[in-house]
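These notes are about the structure you will find just below.
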Amino acid sequence: MQRISLIPYSCGSGAKNQSCRDAPGYLRRLGLAEALKSDELEARWLDDIEVKGKNLDDISNVVQHCFNLKNQVQDVLKSGGFPITIGGDHSMAIGTWAGVADSLHTRRKLGLIWIDAHMDSHTSETSHSSNVHGMPISYLLGYGNDVLTDITLGKPVIVPYQLCLIGVRSFEAEEAALLDKLGAKVFMMDEVRARGLNNVMLEAVKIASAHTAGFGISIDVDGFDPADAPGTGTTEAGGILKNEFIEAVQSSLSGYKESLLALEIAEYNHHLDKDNITAYLIKDIVAAILRCC
Ligand SMILES: [Mn+2]
């Protein structure tokens, strides 16, 4: 029996439009855990945290929620379960992947596949907006010099050579320069179109699993085409299609059961969704990944 824990990150304080904080509660009420259950799989939601203090600034809110995510991810992995963190904005990645990395019983590092329309790789110095959801990768790579580094203990959580971004089509020069300098692999949307998502995913899984303790998948729903994922704050035209993703998951992830360590879904905003299209996308892509692993 596969035991899945859905861990809510009910925080949108890293984004400009903060109402993605309501998404975990919405998906819980809609029955995501029940929809994922099968004879071989049980799924349950963990509890939201009680945030301490009143009138918290955005950064303190992100820090509290990320610490909670990190702790819950560690507890789930320790008990032999599989964590799926559900945001909330993409600042959550600092908590999710710090938790996974801290649970590794080996000196090998964590690989990461990051599906997103954006690079999320600003540092606090280069960010134009100061929104943390545009920076989580730089924190995971060991950049950053503020209170958020308390979560990663100021250490790199991932190494750039084992990081792959897929589906990028909107970014700023400083982000591209950082990833290029460090040697992370970026599969721009143009490359996905030219080579096919199947081939790109196969290569990404190889990179993220080679010489690592295992890998994670972080999915920003804005990596998908707005036709398949309208419910997010920063849609970008020309993204990954739901059907091609499910097909690519089947061909690239089969056989990696032991290697996939956790899954993260970020940036769903049900207030912007149309007929729950994005909610169903989330259910279907999570189910497809769980079927392979
Ligand atoms: Mn993102």
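The values are calculated or read from the model by the stated rules, or taken from the named source; none is laboratory data. Keep in mind that this is a model prediction, so the values were computed, not measured. Reconstructed Cβ throughout: ideal geometry from the backbone, glycine too, with neighbour counts over all protein chains shown.
Just a few scattered comments:
- Qualifying residue in the stretch 225-235 (condition: surrounded by fewer than 16 Cβ atoms within 10 Å (Cβ to Cβ) and in contact with a helix residue (DSSP H, G or I) (Cβ under 7 Å, 6 or more places away or on another chain)): no
- Test: residue in the stretch 65-73 that is more than 16 Å from the ligand (Cβ to nearest atom), within 19 Å of Ile282 (Cβ to Cβ) and crowded, with 24+ Cβ neighbours inside 10 Å: yes
- Scoring Glu174 on the criteria (1) more than 29 Å from Ser251 (Cα to Cα); (2) in contact with a Ser or Thr (Cβ under 7 Å, 6 or more places away or on another chain); (3) surrounded by 21 or more Cβ atoms within 10 Å (Cβ to Cβ) leaves a single failure, condition (3).
- Restricting the stretch 133-181 to residues that are at pLDDT 95 or above and of a type in the set (Phe, Trp, Tyr), the residue that is nearest to Gly238 (Cα to Cα): Phe171
- The helices (runs of 4 or more DSSP H) found wholly in the stretch 192-293 and carrying at least 3 residues that are within 16 Å of the ligand (Cβ to nearest atom) and under 22 Å from Pro8 (Cβ atoms) occupy 277-292.
- Residues located in the stretch 114-138, provided they are of a type in the set (Val, Ile, Thr), near the ligand (Cβ under 10 Å from one of its atoms) and part of a helix (DSSP H, G or I): Ile137
- Complete set of residues in the stretch 177-191 that are in a helix (DSSP H, G or I) and hydrophobic (A, V, I, L, M, F, W, C): Ala177, Leu178, Leu179, Leu182, Met189
- The listed residue being touching a helix residue (DSSP H, G or I) at 6+ places or on another chain (Cβ under 8 Å), under 24 Å from Ala23 (Cα atoms) and buried (at least 20 other Cβ atoms within 10 Å of the Cβ), out of Ile86, Ile59: Ile86
Per-residue answers, yes or no, for (1) buried (at least 20 other Cβ atoms within 10 Å of the Cβ); (2) out of contact with any His (no Cβ under 8 Å at 6 or more places or on another chain):
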position	(1), (2)
Ala101	yes, yes
Thr106	no, yes
Asp116	yes, no
His122	yes, no
His128	no, no
Met135	yes, no
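- Residues that are in contact with a Ser or Thr (Cβ under 8 Å, 6 or more places away or on another chain) and either of a type in the set (Gly, Ala, Ser) or surrounded by 22 or more Cβ atoms within 10 Å (Cβ to Cβ) (or both) within the stretch 264-285 comprise Glu264, Ile265, Ala266, Glu267, Tyr268, Asn269, Thr278, listed in sequence order.
- Residue identified as out of contact with any Phe, Trp or Tyr (no Cβ under 9 Å at 6 or more places or on another chain) and closer than 17 Å to Ala93 by Cα among Ile217, Ile265: Ile265
- Restricting the stretch 182-203 to residues that are hydrophobic (A, V, I, L, M, F, W, C) and touching a Phe, Trp or Tyr at 6+ places or on another chain (Cβ under 7 Å), the residue that is farthest from Glu236 (Cα to Cα): Val200
- Given (1) among the basic types (Lys, Arg); (2) surrounded by 16 or more Cβ atoms within 10 Å (Cβ to Cβ); (3) at pLDDT below 95, number of the condition Arg21 does not satisfy: (3)
- Selection status of Tyr143, of a type in the set (Phe, Trp, Tyr), over 16 Å from Leu261 (Cα atoms), more than 11 Å from the ligand (Cβ to nearest atom) and in a helix (DSSP H, G or I): no
- When the stretch 133-169 is filtered for residues that are over 29 Å from Asn198 (Cβ atoms) and among the aliphatic types (A, V, I, L, M), the ones remaining, listed by number, are Met135, Val147, Leu148, Ile151, Leu153.
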